[in-house]
Amino acid sequence: MGEGEKVVIDVNVFISAFGWGGTPFKIIELLEKGEIRNCISEEILTELCRAVDYPKLAFPYELQTNIVEFILVYSDIFVIKKHIEVALDPDDNKFIECAMAANAKYIITGDKDLLSMKQYKSIKIVTPDAFLQKRKITF
């Protein structure tokens, strides 16, 4: 497992980073530098594989493959043993479950429903901008 601070990065952040760059790409750079380590579950990986193939994104197959490979290299996979139902959108529970299984401090997301929670137990739910500001990283 990686040495950086454990976080759970939502699929929408990866899609934004690889599709358009910007602030979400700064999160990718932190992964590459080893300052953070992404935590994923099988459910999150399944969503990611489905998302990179969305026709409206029109990501070429090579980019889809590169995204998935990158995430596998810079992530630790956790088996979810405890399922919860606390998110407004039931599909978002998998990110909280993964953060709990990994003992991650942050979920980094652009999802408004998840962000409205702000925190679940000791897990802070923040935007990429807010996460970078907490770490005093300029962008």
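Read the figures in this text as sums done on the coordinates, not as results from a lab. Remember, it's a predicted structure, so these values are computed and weren't measured experimentally. We place every Cβ from the backbone using ideal geometry, glycine too, and count neighbours over all the protein chains shown.
Step by step: first the residues of segment 37-58, then only those that are touching a strand residue (DSSP E or B) at 6+ places or on another chain (Cβ under 6 Å) and among the hydrophobic types (A, V, I, L, M, F, W, C), then the one that is farthest from ASP91 (Cα to Cα). Which residue is that? Step by step, filter segment 37-58, then rank; the result is CYS39. Is it true that some residue in segment 45-64 is exposed (fewer than 12 other Cβ atoms within 10 Å of the Cβ), in contact (Cβ under 8 Å) with a residue 12 or more places away in the chain and not small (Gly, Ala, Ser)? The answer is no, given that none of the residues of segment 45-64 is exposed (fewer than 12 other Cβ atoms within 10 Å of the Cβ), in contact (Cβ under 8 Å) with a residue 12 or more places away in the chain and not small (Gly, Ala, Ser).
For segment 22-46, the set of residues classified as under 21 Å from THR65 (Cβ atoms), of a type outside the set (A, V, I, L, M) and either in a helix (DSSP H, G or I) or out of contact with any Ser or Thr (no Cβ under 9 Å at 6 or more places or on another chain) (or both) consists of PRO24, PHE25, GLU29, GLU32, SER41, GLU42, GLU43, THR46, listed by residue number.
Say we look at segment 27-60 and pick out the residues that are closer than 13 Å to VAL7 by Cβ and not hydrophobic (A, V, I, L, M, F, W, C); which of these is nearest to the chain's Cα centre (by Cα)? Walk me through how you get there before you give the answer.
Of the residues in segment 27-60, the ones closer than 13 Å to VAL7 by Cβ are 27-28, 30-31, 34-40, 44.
Still in the running and not hydrophobic (A, V, I, L, M, F, W, C): 34-35, 37-38.
Values: GLY34: 15, GLU35: 15, ARG37: 10, ASN38: 7 Å.
Only one residue tops the list, namely ASN38.
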